[in-house]
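Undergrad: Next up is a structure, given as C-alpha cells.
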Amino acid sequence: MELRLDNISAGYGSKTVLSNVSFTVRPGEILALLGHNGAGKTTTMKTVMGLIPARSGSISFGARKLDGADTAARIGMGLRLLPEGRGIFPALSVTENIEVVAAVNCGPGSTFGVDDLYRLFPVLDERRHQRAGHLSGGQQQMLAMGLAIIGTPHCLLLDEPSIGLQPNLVERLFDQVRTICKSKAMTAILVEQNVAEAIRIADRVVIMNSGQIVFDGLPDEAKASNVWQYF
C-alpha cells in the first residue's frame with residue numbers, strides 16, 4: 001500500500017525535529033531515507049508508527065488517514081518497524097521469539113507464516129532451540145527481520161539494519177529485503193548509514209538535513225547531485 005507524508009512536523013517536548021516533511025512511497029517501492037546523524041530520520045520513522053505524535057500535517061496509508069491512530073492500530077494495518085539495535089527477546093529461543101510474535105500477527109491468509117520465515121532464513125530453522133541472545137549478530141538481525149515481516153506486513157520501516165554486520169551479510173540481508181518487497185508489492189523505508197548498499201537496492205532516495213528534506217529523486221540523480229555535502 002502507498003504511504004504518504006504531507007507536511008509532517010514533529011519533535012520531543014519543546015524541541016521541533018521535523019519541519020514540513022513530505023514524501024510518498026508506492027507499493028513495491030524501497031525508499032532510502034538518508035542523512036547525517038540527528039537529521040531526523042529515526043524521528044520520521046517513529047512518527048509514522050505513532051510512537052511520536054505529529055504536531056502538524058497528515059500521514060496516509062493506502063486509503064486511510066493515520067491521524068489519531070495509535071501504534072497498535074498501525075501495526076494492525078500492516079506497518080512494521082525494525083528498530084535500530086534489533087527487536088528480539090534475547091532470553092527466549094528462536095522458536096519462542098517467533099511464536100510470541102506470530103500469536104499476535106499471524107492469522108488466516110497471512111502473507112508470511114512461520115514456515116515461510118524459516119524458508120526465507122534457513123539458519124533460523126537450524127537454530128530453532130538456541131537462545132536468541134546467543135546467535136551471531138547477523139543471525140540476530142535475520143531473526144529481527146523475520147519478526148518484523150511475520151503476518152501480513154504492507155510496509156517495512158527498517159532503521160539501520162546493517163549495524164554490526166559483516167559486509168557479506170549486509171549485502172545478503174539487503175538482497176532479501178528487495179526480494180521480499182518486490183515479490184509482495186510491499187512498501188519499505190530504509191534508514192541506513194551504509195549509503196552504497198542502501199542506494200543499490202533503493203528505487204528512490206530522500207535525503208534529510210536538520211529535519212527537512214533536501215533531496216527527493218532517483219538513485220542515479222542522487223549520485224550525480226551535490227547532496228553528499230549533507231553527510
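The values are calculated or read from the model by the stated rules, or taken from the named source; none is laboratory data. Since the structure is predicted, the reported quantities are computational estimates derived from the model, not experimental observations. Note that each Cβ is placed from the backbone with ideal geometry, even for glycine, and that neighbours are counted across all protein chains shown. The protein model used for the area step is the full one, side chains on, heavy atoms only, and it has no ligands, DNA or RNA in it. Shrake-Rupley method; radii C 1.70, N 1.55, O 1.52, S 1.80 Å.
Undergrad: Filter segment 85-118 down to the residues that are on the phi > 0 side of the Ramachandran plot and exposed (fewer than 15 other Cβ atoms within 10 Å of the Cβ), then identify the one that is modelled with the lowest pLDDT.
TA: Ranking the qualifying residues of segment 85-118, first place goes to Gly85.
Undergrad: Same structure again: Would you point out the residue of segment 68-84, among those that are out of contact with any His (no Cβ under 9 Å at 6 or more places or on another chain) and in a loop (DSSP other than H, G, I, E, B), that is surrounded by the fewest Cβ atoms within 10 Å (Cβ to Cβ)?
TA: Among those that are out of contact with any His (no Cβ under 9 Å at 6 or more places or on another chain) and in a loop (DSSP other than H, G, I, E, B), it is Gly68.
Undergrad: Looking at Thr152, is it among the β-branched types (Val, Ile, Thr), within 29 Å of Gly113 (Cα to Cα) and open to solvent by 10 Å² or more (accessible area, probe 1.4 Å)?
TA: Here the answer is yes, as Thr152 does meet what is asked.
Undergrad: With respect to Ser183, is the statement that it is over 18 Å from Ile75 (Cβ atoms), surrounded by fewer than 15 Cβ atoms within 10 Å (Cβ to Cβ) and in the same structural domain as Arg26 (by TED's automatic domain parsing) true?
TA: Working: over 18 Å from Ile75 (Cβ atoms): yes; surrounded by fewer than 15 Cβ atoms within 10 Å (Cβ to Cβ): yes; in the same structural domain as Arg26 (by TED's automatic domain parsing): yes.
Criteria met by Ser183.
Undergrad: A further question follows. Provide a single number: the residues in segment 14-41 that are more than 22 Å from Ala196 (Cα to Cα), over 16 Å from the mean Cα position of the chain (by Cα) and open to solvent by 70 Å² or more (accessible area, probe 1.4 Å).
TA: The total comes to 4.
Undergrad: What are the residue pairs meeting all of these: first residue in segment 81-106, first residue under 14 Å from Tyr118 (Cβ atoms), second residue assigned to a strand (DSSP E or B) and open to solvent by 40 Å² or more (accessible area, probe 1.4 Å), Cβ atoms under 7 Å, and 6 or more apart or on different chains?
TA: Hits for this filter: Ser93/Arg131.
Conditions tested, residue by residue: (1) outside the structural domain of Val214 (by TED's automatic domain parsing); (2) among the polar types (S, T, N, Q); (3) modelled with pLDDT of 95 or more.
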| residue | (1), (2), (3) |
| --- | --- |
| Met1 | no, no, no |
| Tyr12 | no, no, yes |
| Gly28 | no, no, no |
| Asn37 | no, yes, no |
| Thr47 | no, yes, yes |
| Gly57 | no, no, yes |
| Phe61 | no, no, yes |
| Gly68 | no, no, no |
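Undergrad: While we're on this one: So for segment 55-67 (the condition being crowded, with 21+ Cβ neighbours inside 10 Å, without any contact (Cβ under 8 Å) to a residue 40 or more places away in the chain and assigned to a loop (DSSP other than H, G, I, E, B)), does at least one residue qualify?
TA: yes
Undergrad: Sticking with this structure for a sec: Can you go through Phe174, Phe121 and tell me which one is within 30 Å of Gly40 (Cβ to Cβ) and either open to solvent by 60 Å² or more (accessible area, probe 1.4 Å) or among the aromatic types (Phe, Trp, Tyr) (or both)? I'd like the intermediate steps shown before the answer.
TA: Values: Phe121 fails: within 30 Å of Gly40 (Cβ to Cβ).
When all the criteria are applied, what remains is Phe174.
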